[in-house]
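Working notes for the structure below.
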Amino acid sequence: MAASYHTCLLIDDNYIDNFVARKLLESSNFAKNVVVSQSPAEAITLLRDGTVKPDVIFLDIRMPFMNGFEFLAEYDKIAIDKTGIKIFLLSSSFDPTDVKRASDNKHITQFIHKPLTYKVLADLCHDLSC
């Protein structure tokens with residue numbers, strides 16, 4: 001079966017969460033390439049420089065130095081073609097303020113509660129017609 005997407009960028013400061021999510025994304029054939037960044041600032045550089053051209057971004061909210069919403073503010077400023085890039089806010093937060101901020105952000109496709117699972121990926125592919 002062909003991968004649903006070409007490149008997925010996973011941005012989360014937690015090594016274990018990244019390890020599990022990467023294995024899940026690879027084993028489910030969600031994307032041909034999975035790029036992991038533990039730093040939102042590094043991810044912005046990868047995007048700005050064109051090193052990574054993702055179809056999908058999974059973005060954690062709670063990270064030190066730059067949180068997910070701060071990443072989105074910087075993402076908004078970089079001059080790259082954002083057409084077709086789907087950003088999923090992936091978080092363990094159930095804070096209604098976070099959910100509201102996500103729904104109000106033009107770049108966010110969907111807010112997803114951690115953990116990422118096969119069912120969540122299958123539902124995303126169903127909803128997005130992967």
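The values are calculated or read from the model by the stated rules, or taken from the named source; none is laboratory data. Keep in mind the model is a prediction, meaning the values are calculated, not measured. We place every Cβ from the backbone using ideal geometry, glycine too, and count neighbours over all the protein chains shown. Please note that ligands, DNA and RNA were not included when accessible areas were found on the heavy atoms of the full protein model with its side chains. Shrake-Rupley method; radii C 1.70, N 1.55, O 1.52, S 1.80 Å.
Remark: for residue pairs K23/K114; K82/K106; K53/K100; K53/K86, the C-alpha separation exceeds 19 Å in K53/K100.
Taking amide H positions as placed 1.01 Å from N in the peptide plane, with prolines and chain starts having none, which residues 5 or more places from L90, or on another chain, fall under 5 Å of its amide H? Under 5 Å from the amide H of L90 lie the amide H atoms of L59, D60, I61, I112, each far enough along the sequence or on another chain. If I compute mean projected area of the Cα convex hull in nm² from the structure I just sent, which labelled value in [x] 7.3; [y] 12.3; [z] 7.8 lines up? Among [x] 7.3; [y] 12.3; [z] 7.8, the one calculated here is [x].
Tell me, what is the FRET efficiency for A79 and K32 to the nearest 0.05, using R0 = 41 angstrom and their Cβ-Cβ distance as r? If you can, show how the numbers build up before the last one.
Numbers: r = 26 Å, r/R0 = 0.62.
The computed FRET efficiency comes out at 0.95.
Under 5 Å from the amide H of A31 lie the amide H atoms of S4, Y5, each residue being 5 or more positions distant or on a separate chain, with H modelled from the backbone and absent for Pro and chain starts. Report, to the nearest whole %, how much of the accessible area of the chain belongs to carbon and sulfur atoms, 1.4 Å probe, protein only. After summing per-atom areas, the C and S share lands at 54 percent. Here is the size of region 35-91 from its Cα atoms: Rg then Dmax, 10.4, 28 Å. Checking the a/c ratio against 1.5 first, then a/b against b/c, what shape does the Cα gyration tensor give for region 1-64? Because a/c hits 1.5 or more and a/b fails to exceed b/c, region 1-64 counts as oblate. Averaged per residue, region 1-118 has 52 square angstrom of accessible surface, using a 1.4 angstrom probe with ligands and nucleic acids left out.
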